[in-house]
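We did not get these values from a lab; they are worked out from the coordinates using the rules stated. No experiment lies behind these values; they were computed from the predicted model shown. Glycine also receives a Cβ, built like all others from the backbone with ideal geometry; neighbour counts cover every protein chain displayed.
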Amino acid sequence: MKILAVDPGNTESAFVLMDQVTHHADLFGKIENVDLRDQLKQYRVKTKMMAIEMIASYGMPVGREVFDTCVWIGRFLEAWESLGGTAALVYRKEEKMQICGSPRANDATIRQALIDRYAYNVPNKGKGTKSDPGWFYGFKADIWQAYAVGVTYLDMQRKE
């Protein structure tokens with residue numbers, strides 16, 4: 001079984017289609033939000049479950065980009081559910097605690113924790129090379145965060 005994990009953005013979003021048992025990323029990328037929304041039909045054929053990072057308020061002022069991202073989260077959820085899929089919201093605080101065990105974690109510490117978990121002591125931080133791809137071959141920028149969303153969701157499901 002697969003799961004679609006999404007790290008939404010105001011104009012582009014990262015996604016990872018990953019195996020629920022092995023946690024291996026079968027397909028991933030970062031694309032325009034409109035394109036991702038249109039491609040949800042293709043991913044729905046492969047999985048019923050989508051985990052998407054949700055924004056939470058921590059009392060700090062935010063800009064327009066955050067509100068635009070919230071709108072896109074709603075669009076993705078509506079599109080996914082209209083296709084008969086099930087969605088789960090994953091909060092950043094949950095990712096930090098689940099993956100790093102600390103509310104002070106940031107993108108770099110989350111990335112390192114994922115490397116330690118899935119590619120411990122592997123050269124090139126588990127990325128490998130074109131001729132010998134590693135666990136994280138092709139990962140960059142927000143794809144790490146989309147993967148973290150999926151890992152967090154799956155870990156939380158296993159604990160329940």
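One table, with the values for the structure above:
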{"item": "Residue identified as farther than 19 Å from Ile3 by Cα and among the small types (Gly, Ala, Ser) among Ser102, Ser82", "result": "Ser102"}
{"item": "Residues located in region 13-44, provided they are closer than 28 Å to Glu65 by Cα, surrounded by fewer than 15 Cβ atoms within 10 Å (Cβ to Cβ) and in contact (Cβ under 8 Å) with a residue 24 or more places away in the chain", "result": "Lys41"}
{"item": "Criterion (touching an Asp or Glu at 6+ places or on another chain (Cβ under 7 Å), assigned to a helix (DSSP H, G or I), aliphatic (A, V, I, L, M) and closer than 30 Å to Pro123 by Cβ) met by exactly one of Ile99, Ile110", "result": "Ile110"}
{"item": "Test for Phe76: is it touching a residue at least 60 places away in the same chain (Cβ under 8 Å), surrounded by 19 or more Cβ atoms within 10 Å (Cβ to Cβ) and either among the small types (Gly, Ala, Ser) or assigned to a loop (DSSP other than H, G, I, E, B) (or both)", "result": "no"}
{"item": "Of all residues making up region 99-110, the number that are surrounded by fewer than 20 Cβ atoms within 10 Å (Cβ to Cβ) and either touching a residue at least 12 places away in the same chain (Cβ under 8 Å) or of a type in the set (Ser, Thr, Tyr) (or both)", "result": "4"}
